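Q: The structure's right below; bear with me while I get my questions together.
The values are calculated or read from the model by the stated rules, or taken from the named source; none is laboratory data. Small disclaimer: the values here were computed from a predicted structure and weren't measured. Because the Cβ atoms are built from the backbone with ideal geometry, glycine has one as well, and the counts that use them run over all protein chains shown. SASA here: full protein model, heavy atoms, side chains in, ligands and nucleic acids out. Shrake-Rupley method; radii C 1.70, N 1.55, O 1.52, S 1.80 Å.
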Amino acid sequence: GAGVSQSPSNKVTEKGKDVELRCDPISGHTALYWYRQRLGQGLEFLIYFQGNSAPDKSGLPSDRFSAERTGESVSTLTIQRTQQEDSAVYLCASSPSTGRSYEQYFGPGTRLTVT
Amino acid sequence: GEDVEQSLFLSVREGDSSVINCTYTDSSSTYLYWYKQEPGAGLQLLTYIFSNMDMKQDQRLTVLLNKKDKHLSLRIADTQTGDSAIYFCAESISEKLIFGTGTLLAVQP
């Protein structure tokens, strides 16, 4: 079946602009996660959703970052007034439910470059 | 605090065994994981181990967990050039995964 998909695959934006990154989880997966991977580093947790609610937003770096999920499906991660330090690959993962973190399936990521 | 550490680089010859090490700090982790990331490809879950286990074997992969020392290792037997990649160790804390910085495994023919 289809895996986790993300769009766009690459995004170049100017400093100060807003960007929206999209994640389509595996159909039927109720849990959805966002991570960030800076160049040469491991993944940093940003936020996760169970259904449409976000019990843990502790990883969001600043109030410029927000995420929403509608219909227990698609999620969007929005970065307002982008800064150069926001340049990274943003990865989305989904799992059948919470409590099954060993079943997080990752998408290919969106590479964001802020110039 | 939550911290996962790995060595940055490992070089082995084809056919040898590779051992990638990882240390973590949070003893409440329920699962520990090894992920593989190849250039231009997504993150692939290789294997995971439940925190009450000491060892897990899956074909060429052997995971060893020492809870007392908070040390996790991944052994790849008969390493092939196709195993060249970055390997990430991760622990699960509540719902989130905490990743190490990754170990670049270079396999020399």
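Q: Can you name the strands (runs of 3 or more DSSP E) wholly within region A:27-90 that have at least 3 residues being among the polar types (S, T, N, Q)?
A: Values: elements: A:31-37, A:43-50, A:53-56, A:65-69, A:75-79.
Counting at least 3 such residues, we get A:75-79.
Q: In addition: Within region B:54-77, can you find the residues that are open to solvent by 70 Å² or more (accessible area, probe 1.4 Å), under 22 Å from B:Glu5 (Cβ atoms) and free of Cβ contacts under 8 Å to residues at least 40 places away in the same chain?
A: B:Asp54, B:Met55, B:Leu64, B:Lys68
Q: Somewhere in region B:78-93, is a residue crowded, with 21+ Cβ neighbours inside 10 Å, away from chain A (no Cβ under 14 Å) and touching a helix residue (DSSP H, G or I) at 6+ places or on another chain (Cβ under 7 Å)?
A: Scanning region B:78-93, I find no residue that is crowded, with 21+ Cβ neighbours inside 10 Å, away from chain A (no Cβ under 14 Å) and touching a helix residue (DSSP H, G or I) at 6+ places or on another chain (Cβ under 7 Å), so the answer is no.
Q: Please indicate, with yes or no, whether at least one residue in region A:68-88 is within 25 Å of B:Glu91 (Cβ to Cβ), within 14 Å of chain B (Cβ to nearest Cβ) and either out of contact with any Phe, Trp or Tyr (no Cβ under 9 Å at 6 or more places or on another chain) or among the hydroxyl-bearing types (Ser, Thr, Tyr) (or both).
A: Yes; the residues of region A:68-88 include at least one that is within 25 Å of B:Glu91 (Cβ to Cβ), within 14 Å of chain B (Cβ to nearest Cβ) and either out of contact with any Phe, Trp or Tyr (no Cβ under 9 Å at 6 or more places or on another chain) or among the hydroxyl-bearing types (Ser, Thr, Tyr) (or both).
Q: Tell me, which residue of region A:11-63 that is among the hydrophobic types (A, V, I, L, M, F, W, C) and away from chain B (no Cβ under 14 Å) is surrounded by the fewest Cβ atoms within 10 Å (Cβ to Cβ)?
A: Out of the qualifying residues, it is A:Val12.
Q: Considering each residue of region A:94-105, count those that are closer than 17 Å to A:Glu72 by Cα, within 8 Å of another protein chain (Cβ to nearest Cβ) and open to solvent by less than 30 Å² (accessible area, probe 1.4 Å), and give that number.
A: The qualifying residues number 1.
Q: Right, next: If the Cβ limit is 6 Å and pairs must be 6+ apart or interchain, which residue in region A:27-40 that is among the basic types (Lys, Arg) pairs with which residue that is open to solvent by 20 Å² or more (accessible area, probe 1.4 Å)?
A: A:Arg36/A:Glu44
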